[in-house]
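Here is the structure we will look at.
The values are calculated or read from the model by the stated rules, or taken from the named source; none is laboratory data. Small disclaimer: the values here were computed from a predicted structure and weren't measured. Here the Cβ is made from the backbone with ideal geometry for all residues, glycine too, and neighbour counts use every protein chain on show.
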Amino acid sequence: MTARSDIEAITQRIRERSKPGREAYLARVDAAIAQGPHRTVLSCGNLAHGFAACGPVDKERLATDRVPNIGIITAYNDMLSAHQPFETYPQLIKKAASEAGGVAQVAGGVPAMCDGVTQGQPGMELSLFSRDVIAMSAAIGLSHNMFDAAVFLGVCDKIVPGLVISALTFGHLPAIFVPAGPMTSGLPNDEKARIRQLYAEGKVGRAELLEAESKSYHGPGTCTFYGTANSNQMLMEIMGLHTPGASFVNPNTPLRDALTREAARRALAITALGNEFTPVGHMIDERSFVNGVVGLHATGGSTNHTIHLIAMAAAAGIRLTWQDISDLSDVVPLLARVYPNGLADVNHFHAAGGMGYLIRELLDAGYLHEDVRTVWGEGLRPYTIEPHLGDDGSVARIPAPAISGNDKVLTPATKPFQESGGLKVLKGNLGAAIIKTSAVKPEKRLIEAPARVFHSQEELNDAFKAGELDRDFVAVVRFQGPKANGMPELHRLTTVLGVLQDRGFKVALVTDGRMSGASGKVPAAIHVTPEALDGGMIGRIENGDVIRLDSEAGTLEIKVGDGVLASRIPAAPDLAANGFGMGRELFAGMRALATRAENGASAFGEAA
């Protein structure tokens, strides 16, 4: 089945725009493929170093060029709940590879930071650029040229985008992504949010807040709300980088382990040494990225991916734009309600039919390109399944349920929760911005109010505690872009602005920073570009200026004459303190090189 004409038209314009860069990229991939299995180019000394620590069987296998070798890139650490389960994965993968006649080696580790730990802390200013560090770290591991395929172990916010950038940079190799799955359900997300608001208002203490947070984030696995981490897993499956059904199976279960072993065997099967060679640089194309954006809209996914998807696509020579993402949002319906877009968590989503149900609904309605390549083979239809544990301990798959198990969580394409997706571009005399509307009530989507300017989220929170914000206003939080301080998430604003909205005030946020993947009920124009430090008009806003944010019309305007606005001299704060402490001094070069948010906020530059 082919995609609808409007989806195909957007895909075609991406294809045409990307043609020069994509052709150059594929030429590089093909040149690397032409060299054959890469251990042939290693000297005896090179090769001896590469397998010196292996056992006798693996040494014998690697001494020839007839046995495939998997390079494992792992984001394991045991502080992050989402990545702690990866501790046992290398041994599972090595054993499965050996039983299938191949070899697997841990090629390298990459850093994995948790935005949940660093929210509102200096370390958050390293968060966005950790994506590029992860891509470079993975590249170092794969640069040993010992591998016929790569398996990537990663889950959370910047980790998966960084690993995808690296995988596509090594596009001559097949690549499979292996998740760890979400933690089991804890305290409901709406109850957690309620306690947070009570704490912000001083109605409960730190002990009560910590108890609620600990009941929410309570064990191994991904946080269960639908933020960037779980949006990552949706993307990897709908783009065909996971094996079918792998995304949302809980860690430390027999099915999770079976999926991991299966991924290892599949990685061996798709190398150049077999009959199903699937280099990821050819496998992932413009259609794959459009499918990813469609999935993001249909599930109300993370705003962070309006940055990450552009940087990921650039690694494959593809020029994806905010306008592409916004235009797809206009035609793709919202089919999932997962917190913060609803009360359910990802376990409820999975139980209601999950990715198999979602992909089938989108395919049957023509919103996805079915004729893509995946790590599983030709076409996306094999992903319309539900995974189970077979009697022999392997993965068994049955068709996804015909009817949603909970139509308040997952709905058919014929009865969407709303006719358009949740991410949209805003444009006007303040520049361009992104807004997520899927959790914003329709009556809150247009705000016109005086500006109150801040240069940090701490300033805004202090004003709230002082009782200065009990009125209609648009909070302008600026000098938070990639060049200024690394573009941290401003998650601490979510609770405060939510409290003010609940008190009946009309409030909105305008910022050149990011919000969390849990962007919620308050209208927020984020990623404003150009950022204040890059000469953006957001740097010229003054207290009292009337700002109009209209997410339905797609506009962001300041009600000041263009001549007046242009004549103002931006009042930049002293940013020296943001350059030091918690490693921030090491990232000065990346801040200087960063592209604008609409171009991926990357230190690697833009697609050719």
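Of the listed requirements (1) assigned to a helix (DSSP H, G or I); (2) within 25 Å of Thr306 (Cα to Cα); (3) in contact with a strand residue (DSSP E or B) (Cβ under 8 Å, 6 or more places away or on another chain), Ala484 misses just one: (3).
With respect to Ala566, determine if the residue is part of a loop (DSSP other than H, G, I, E, B), exposed (fewer than 15 other Cβ atoms within 10 Å of the Cβ) and at negative phi. Judged against the criteria, Ala566 is not a match.
In the set (1) under 16 Å from the mean Cα position of the chain (by Cα); (2) part of a helix (DSSP H, G or I); (3) within 24 Å of Gln105 (Cβ to Cβ), the condition left unmet by Phe152 is number (2). All of (1) over 24 Å from Leu363 (Cα atoms); (2) part of a helix (DSSP H, G or I) hold for His297 with one exception: (1). Would you check which residues across segment 385-429 are among the hydrophobic types (A, V, I, L, M, F, W, C), touching a Pro at 6+ places or on another chain (Cβ under 9 Å), part of a loop (DSSP other than H, G, I, E, B) and without any contact (Cβ under 8 Å) to a residue 60 or more places away in the chain and list them? Listed by number, the list holds a single entry, Ile403.
Does segment 308-323 hold any residues that are out of contact with any helix residue (DSSP H, G or I) (no Cβ under 6 Å at 6 or more places or on another chain), in a helix (DSSP H, G or I) and either of a type in the set (A, V, I, L, M) or within 26 Å of Ala27 (Cα to Cα) (or both), and which are they?
Once the filter is applied, which keeps residues that are out of contact with any helix residue (DSSP H, G or I) (no Cβ under 6 Å at 6 or more places or on another chain), in a helix (DSSP H, G or I) and either of a type in the set (A, V, I, L, M) or within 26 Å of Ala27 (Cα to Cα) (or both), segment 308-323 yields Leu309, Ile310, Ala311, Ala314.
Of the residues making up segment 69-109, just one is closer than 13 Å to Arg261 by Cα, in contact with a Leu (Cβ under 6 Å, 6 or more places away or on another chain) and hydroxyl-bearing (Ser, Thr, Tyr), namely Tyr89. Considering only segment 370-384, I want to know if a residue exists there that is touching a helix residue (DSSP H, G or I) at 6+ places or on another chain (Cβ under 6 Å), assigned to a helix (DSSP H, G or I) and either aromatic (Phe, Trp, Tyr) or not assigned by TED's automatic domain parsing to the domain that holds Lys158 (or both). Yes, segment 370-384 has at least one match.
Checking each residue in segment 106-141 for being assigned to a loop (DSSP other than H, G, I, E, B), of a type in the set (Gly, Ala, Ser) and buried (at least 20 other Cβ atoms within 10 Å of the Cβ) picks out only Ala112. Just one of (1) within 21 Å of the chain's Cα centre (by Cα); (2) under 16 Å from Gly428 (Cβ atoms) fails for Ser551. It is (1). Which ones in segment 241-271 are in contact with a Gly (Cβ under 7 Å, 6 or more places away or on another chain) and either at positive phi or assigned to a loop (DSSP other than H, G, I, E, B) (or both)? Correct list: Gly245, Phe248, Val249, Asn250, Pro251.
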